[in-house]
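I have placed the structure first, in the form of structure tokens, so that the comments after it can refer back to it.
The values are calculated or read from the model by the stated rules, or taken from the named source; none is laboratory data. A quick note: this is a predicted structure, and the numbers were derived from the prediction, not measured. Glycine also receives a Cβ, built like all others from the backbone with ideal geometry; neighbour counts cover every protein chain displayed.
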Amino acid sequence: MTMAKKTIIVNNEEFEPYINEKKIRARIKELGKKLSKDYKGRTPIFIGVLNGSFVFFSDLIREVTIECEVDFLKLSSYGDAKVSSGNVHLLKDLNCQVMGRDIVIVEDIIDSGLSIDFIKRLLLAQNPKSFAVVSLLYKTKAVKIDFPVKYIGFKIPNDFVVGYGLDYAQKGRNIPAIYKIVEKKK
């Protein structure tokens, strides 16, 4: 399936093609290969951050060739807005034991970094053996975190994006590619 060269409308906002399905699939295959190599001989717990990461998580985990476990966290920081509220709330906690385990957080996007910082503090307090993050998208100019993200799908500017699990007020997650908002001319 290829991405159309036309714009789409989500919540009355216009979005244009940004990262097509083929590029996404190829990059996920590379990330799965790297994670499998880095965690060879170990059994990490891949933890998806709901709701946004579910599409990426599903595709990524199928590219991982080592034995692993999965779990999910659910946070809230956006509501229906295009920018984070600045307040992160835990809506669903883990079902697994973190202590002494290799933890790999799977995020759809890191923009401000508030959510991933919240997760890091939450999980490091439980003494994992290791802690790493894989994110499909990483907004280099917006992020304000004090630790490296080792596994990044795509570094992007501070554009608002939808599709491939990313939403705008809960809509657009089912779009198979990533689109960015069309800035209105002033």
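Screening Ser130, Ser135 for residues that are under 17 Å from Ile47 (Cβ atoms), surrounded by fewer than 19 Cβ atoms within 10 Å (Cβ to Cβ) and of a type in the set (S, T, N, Q) leaves exactly one candidate, Ser130. Quick check on segment 80-94. Is at least one of its residues touching a residue at least 40 places away in the same chain (Cβ under 8 Å) and in contact with a helix residue (DSSP H, G or I) (Cβ under 7 Å, 6 or more places away or on another chain)? The answer is no, given that none of the residues of segment 80-94 is touching a residue at least 40 places away in the same chain (Cβ under 8 Å) and in contact with a helix residue (DSSP H, G or I) (Cβ under 7 Å, 6 or more places away or on another chain). Considering Ile116, Ile110, the condition of being buried (at least 21 other Cβ atoms within 10 Å of the Cβ), at pLDDT below 95 and touching a helix residue (DSSP H, G or I) at 6+ places or on another chain (Cβ under 6 Å) is satisfied by Ile110 alone. If you go through segment 160-183 and keep only what is surrounded by fewer than 19 Cβ atoms within 10 Å (Cβ to Cβ) and either within 12 Å of Asp108 (Cα to Cα) or among the charged types (D, E, K, R) (or both), you end up with Lys171, Arg173, Lys180, Glu183.
In segment 158-176, of all residues being more than 15 Å from the chain's Cα centre (by Cα) and of a type in the set (A, V, I, L, M), the one that is farthest from Ile28 (Cα to Cα) corresponds to Ala169. The numbered conditions (1) touching a strand residue (DSSP E or B) at 6+ places or on another chain (Cβ under 6 Å); (2) modelled with pLDDT of 90 or more are all true for Leu91 except (2). Before we move on, is Lys155 surrounded by fewer than 18 Cβ atoms within 10 Å (Cβ to Cβ), more than 15 Å from the chain's Cα centre (by Cα) and farther than 21 Å from Tyr39 by Cα? No; evaluated as a whole, the condition is false for this residue. For Ile47, are the conditions met, namely being at pLDDT 95 or above, hydrophobic (A, V, I, L, M, F, W, C), surrounded by fewer than 17 Cβ atoms within 10 Å (Cβ to Cβ) and farther than 18 Å from Val162 by Cα? When the stated conditions are applied, Ile47 does not pass them. Answer yes or no as to whether Arg101 is of a type in the set (D, E, K, R) and within 21 Å of Gly32 (Cα to Cα). So Arg101 fits the description; yes. Scanning segment 35-45 for any residue that is hydrophobic (A, V, I, L, M, F, W, C) and either under 20 Å from Pro128 (Cβ atoms) or outside any helix (DSSP H, G or I) (or both) turns up at least one such residue. Among the residues making up segment 16-68, those that are among the small types (Gly, Ala, Ser) and more than 21 Å from Pro176 (Cα to Cα) are Ser36, Gly41. Whenever a residue of segment 52-64 is under 17 Å from Lys74 (Cβ atoms), its partners that are assigned to a helix (DSSP H, G or I) and of a type outside the set (Gly, Ala, Ser), lying with C-beta atoms within less than 9 angstrom and at least six residues away or across chains, give the pairs Ser53/Leu60; Phe56/Ile24; Phe56/Ile28.
Output yes when any residue across segment 153-174 is in contact (Cβ under 8 Å) with a residue 40 or more places away in the chain, within 17 Å of Phe46 (Cβ to Cβ), in a strand (DSSP E or B) and not basic (Lys, Arg), and no when none is. Checked against the condition, which is being in contact (Cβ under 8 Å) with a residue 40 or more places away in the chain, within 17 Å of Phe46 (Cβ to Cβ), in a strand (DSSP E or B) and not basic (Lys, Arg), segment 153-174 yields at least one hit.
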